[in-house]
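Encoded as structure tokens, the structure appears first; notes follow it.
Just so you know, all these numbers are worked out from the coordinates, no wet-lab data involved. Not measured: the values here are computed from a predicted model. Cβ placement follows ideal geometry from the backbone for every residue including glycine, while neighbour counts extend to all protein chains displayed.
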Amino acid sequence: MRNMIEIPDDIIKLAKEIIKNSYALYSKYNVASIVKTDKGNVYWGVNIENASYGLTICAERVAIFNAVSHGERKIKEIYIAVNNEEPAIPCGACLQVLSEFGDDNTKIYSFSLTSNKIKHWTLKEIFPYRFSSKNLNNF
Ligand code: THU
């Protein structure tokens, strides 16, 4: 049978708790994100909007920056949770940030907290061509 992927119970429980902190005053689209690092540690974030709309930051980047701020450098898995029926698709900015701290095999799991829908990809599948340090002359 295809698509037997399941989101671990502890991730669902944590996502339900932290999505309450999502600050989505304008879009009303609440998002929570949780990352797991190569050290087995877990960090999270929520989307944080702003009256100056363009300053909004997605939950994924908050979660990644939280991990990096704690000294982590390698993300193995990222989870994205929404209350909407359809799982979110991570935006291009978040994928670029993820690619800095992930690799081809980094797993992305996006799920709904109100339906049983799950979408999942590897970073390579969802973002096959990426700008990276390999493209820089002096790196
Ligand atoms: N958003 C995320 O946090 N992650 C996504 O994957 C999609 C979009 C946020 C940004 C903004 O606060 C709201 O969702 C609507 O775009």
Local electrostatic count at R73 - Lys and Arg +1, Asp and Glu -1, tallied over other residues with Cβ under 13 Å: -1
Share antiparallel - DSSP beta bridges, region 9-135, percent rounded to 5: 70
Cβ-defined net charge surrounding N116, 11 Å radius [Lys, Arg +1; Asp, Glu -1]: -1
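What shape does region 1-42 take by its C-alpha gyration tensor, where a ≥ b ≥ c are the square roots of the eigenvalues and a/c under 1.5 counts as rounded, a/b above b/c as prolate, and the rest as oblate? Numbers along the way, then the final one.
Values: a/c = 2.46, a/b = 1.50, b/c = 1.64.
It comes out oblate by the Cα gyration axes.
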Extension gain from N41 to F139, taking 0.36 nm per residue of separation minus the Cα-Cα distance: 32.4 nm
Cα gyration tensor shape for the chain, rounded if a/c is under 1.5, else prolate or oblate: oblate
Rounded to whole Hz, the Karplus (6.51, -1.76, 1.60) HN-Hα couplings of region 56-71, x for glycine and proline: 4, 10, 6, 4, 4, 5, 4, 5, 5, 5, 5, 4, 5, 5, 8, x
Normalised contact order of the chain, rounded percent, pairs of Cα under 8 Å and 6 or more residues apart: 19
Calculated FRET efficiency for the pair Y53/E85, C-beta based, R₀ 22 Å, to 0.05: 0.35
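Under a Cβ-only charge scheme (Lys and Arg +1, Asp and Glu -1), can you give me the dipole magnitude of region 52-139 about the Cα centre, in debye to the nearest 20? Kindly include the intermediate steps, with their values, before the conclusion.
Values: 10 positive and 9 negative charges, 38 e Å.
Dipole of region 52-139, to the nearest 20 debye: 180 debye.
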Long-range lysine pairs (8 or more apart or interchain), the chain, Cα under 14 Å: 11
Estimated vicinal HN-Hα couplings, Hz - region 126-139 in sequence order (Karplus 6.51, -1.76, 1.60; Gly, Pro = x): 7, 9, x, 10, 9, 6, 8, 4, 5, 7, 8, 5, 9, 8
